[in-house]
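Coordinate-derived values only; no laboratory data. Since the structure is predicted, the reported quantities are computational estimates derived from the model, not experimental observations. All Cβ positions, glycine included, derive from the backbone under ideal geometry; neighbour counts span all protein chains shown.
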Amino acid sequence: MENKEHITRLARQGLLEERIEDLYDQAPCGYFSTLPDGTFIKTNGTFLKWLGYDASQLLFVRRLQDLLPVGDSIFYETHYHPLLLMQGFISEVNLSLRHQAGKTIPVLVNTRLVKDADGRPALLRTTVFDITDRKKYELELLRARKKAEEGARVKAEFLATVSHEIRTPINAIVGIAHLLRDTGLSPRQAELLSVLEVSTETLLRLVNNILDFSKIEAGRVSLQEESTNIRNLVGSVLHGFGAKAAEKGLSIRLKIDERVPEQVYVDSLKLVQVLNNLLSNAVKFTEQGHVAVRVALQEQTPGTVPVVFEVADTGIGIAPDKRGLIFEEFAQASAGIDRAYGGTGLGLAISQRLLGMYGSELKVESEPGTGSSFSFTLSLKISEEAPRAARQAGRAGAARGVRLLLVEDNKINVYVLSQYLANWGVAFDVAGNGQEGVEKAGREAYDLILMDLQMPVMDGYEAARRIRNMREGKRSKVPIIALTASAQPDYEGKLTASGINGVLAKPFNPEELYRLIASYGPVPALPIAGQAAAPHPQRPDAPFDLSTFDDLMADDPEGMRDLISVTVKALRQACAELTKALRERNRQLFTRWVQHTETSLELLQAKQLYATLEQAMALLSTVPVDPEQLELAEHLIGTQFRVILQGLAERLKPGE
Ligand code: ADP
């Protein structure tokens, strides 16, 4: 009852009418009208309030352009206004308006052109929304995303570091398991050891894959293209699977389209990694039949050639519903696969990401029980460099093989490497330090440079940097592979920064080295296959063993004497330096000399001495260093070096 009277009273006073003018004035958005030249002629209260002006300060005295910051004002003149006249309206344009006090307000603007009776532009009617909040949320969202991305990167970095670190102890386990084999095991012990070996190998593969994967995720992998002979590259990758396929009774087929150019620019290490993964899967998942590699050409466009690589097998195949899944990290087509075949489920995920860097992707076709085919297409640039074979034919006396420069100061390493290289028919020059390396690389066109990292006069990083900065285009682009004994902090970043293309870990694995070199040109078949399968029995407590030297120098007594005398000289120096470093308690120097001597000790299989050196290294890290222990270590090192040196001297005696 009371309400009714109240309402009647309001109606009488005219207060119930909602006036259009009020709605206009107090709307939650800004309204204004301008003349075609932008001069304000009408605005609502909301707009004035937002910008802190009185009507008298705007109407007929200012133009919209006057309230815009410089960038927006130019945008208004060049785009906004012309478009408005042309199409009669503008919607949802972001602008900033300047508040009377100076700050700017982000707004969303819609404008309509009103024409007069003759069809001429008369007025511009504009609605403005304040989007400060929206901008704030957008910014927050952006920040959150950046933070999440940063988090993912940090995680990937962490994974990369951890997996790198884990590799060292696993390598030790692999090595020790290998030694254990030769210690006269009972059948039961041998069986247990086999399980240990298989598990460690799997673990090592897993860690290597995680390392690769996390490096890609952390954005630490980039394409390094170089002129490459893809026929040779594919051939040598396939060559690597010959033994495994033969063991399973599988035939291997290779078909390369004749039109595929010999020399193209490609990141050969990554291409090899992808092909290796596909081939290892094909061989792994096939029990009978064949594995076929096909390299074909798709239609050519000027300058680039789309090359299709396909790896097909007649193996177990993949169920249709699993085909999408296998490219995800840690995914395998069925739960039992890892037990039956081994593997980590990372290979295809890594390959897929590597190909992604080329804008390409892996495709799979498969029929369970019949076989699978994996393929990808790379758009490659043809290299103008003459094919290697032709180039080399022109060089007298070096008709076959790769031309290689070895930059290494450690005489033993040089000696060992040179023996292998000579066996493989690889022509090579040696430089004793970085500076010499740079000079030689400037004078001669090499196919590949193997570069030690720590050297006197100029280290490998600096040398690589200088080679990359050479004026002559071709010489500055030569592939450089670092030879390194251990990972220093930030060493991967340093490698990339100095333009080094890849790394070969010391002590190097001859087969790996061979494959690497073979991917740079034609090299004769691998003569060392099988060597690793027949380890030499060694008396477990022998201070050293010359069987590796014997292998290396088979039928070359002259070479053997050379090798031994270089080794004797190197060991003498190492012994003196190590003892000195030990006395000075200089851990850094000591570690450096241990790394420097590692290859010799490995070749001599001087495990006891090596173990003593490692203990001494650990001792030097303790604080304070126990002087008695130190003395003992010095004594042991001295004695063990002496025993080896005497043994070697025996071999040098005439008549031996
Ligand atoms: P893995 O290390 O397990 O081989 P991959 O990522 O390379 O990891 O492969 C993932 C899974 O895809 C394999 O476990 C297997 O189930 C399936 N797969 C890959 N290649 C083949 C193939 N050629 N034939 C059958 N299955 C395959």
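The table below lists the values:
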quantity: Cα shape, the stretch 561-656, gyration tensor, a/c 1.5 rule; calculated: prolate
quantity: Contour excess over end-to-end distance, with Cα ends at residue 178 and residue 74 and 0.36 nm allotted per residue; calculated: 29.9 nm
quantity: Contact order relative to length of the chain, as percent, for alpha carbon pairs under 8 angstrom and 6 or more apart; calculated: 8 percent
quantity: Positive-end extreme of charge dipole, the stretch 556-614 - chosen from 563, 600, 590 (charges on Cβ); calculated: 590
quantity: Sequence ranges 356-362, 600-606, ranked by mean other-Cβ count within 10 angstrom, highest first; calculated: 600-606, 356-362
quantity: Rounded Å value of the spacing that divides the Cα centres of the stretch 271-319 and the stretch 2-66; calculated: 72 Å
quantity: Which listed pairs, of 146/477; 147/215; 270/569; 215/569; 147/284; 248/381, have C-alpha distances above 31 Å, in listed order; calculated: 146/477; 270/569; 215/569; 147/284; 248/381
quantity: Separation between Cα centres of the stretch 443-483 and the stretch 88-104, rounded to whole Å; calculated: 57 Å
quantity: Cα-derived Rg over Rh, computed across the stretch 243-308 with Rh taken as Kirkwood radius; calculated: 1.05
quantity: Cα gyration tensor shape of the stretch 402-450, rounded if a/c is under 1.5, else prolate or oblate by comparing a/b with b/c; calculated: oblate
quantity: Likely footprinting exposure, 426, 234, fewest C-beta neighbours within 10 Å first; calculated: 234, 426
quantity: Antiparallel bridge percentage (DSSP; both residues within the chain; nearest 5); calculated: 70 percent
quantity: Under Karplus coefficients 6.51, -1.76 and 1.60, residue-wise ³J(HN,Hα) of the stretch 146-158 in Hz, glycine/proline x; calculated: 4, 5, 5, 5, 4, x, 5, 5, 4, 4, 5, 4, 4
quantity: Least to most buried among 271, 16 (fewest other Cβ within 10 Å first); calculated: 16, 271
quantity: Neighbour-count ranking [beta-carbon atoms within 10 angstrom, fewest first] of 195, 402; calculated: 195, 402
quantity: Set of lysines near residue 607 by C-alpha distance (under 19 Å), chain-local residues within fewer than 8 positions excluded; calculated: 506
quantity: GluC sites (Glu not before Pro) lying in DSSP loop within the stretch 82-160, provided at most 10 other Cβ fall within 10 Å; calculated: none
quantity: Rounded to whole Hz, the Karplus (6.51, -1.76, 1.60) HN-Hα couplings of the stretch 50-61, x for glycine and proline; calculated: 4, 9, x, 9, 8, 4, 5, 7, 10, 5, 6, 10
quantity: Normalised contact order of the stretch 1-58, rounded percent, pairs of Cα under 8 Å and 6 or more residues apart; calculated: 22 percent
quantity: Relative contact order computed over the stretch 231-304 (Cα-Cα under 8 Å; 6+ residues apart), in percent; calculated: 47 percent
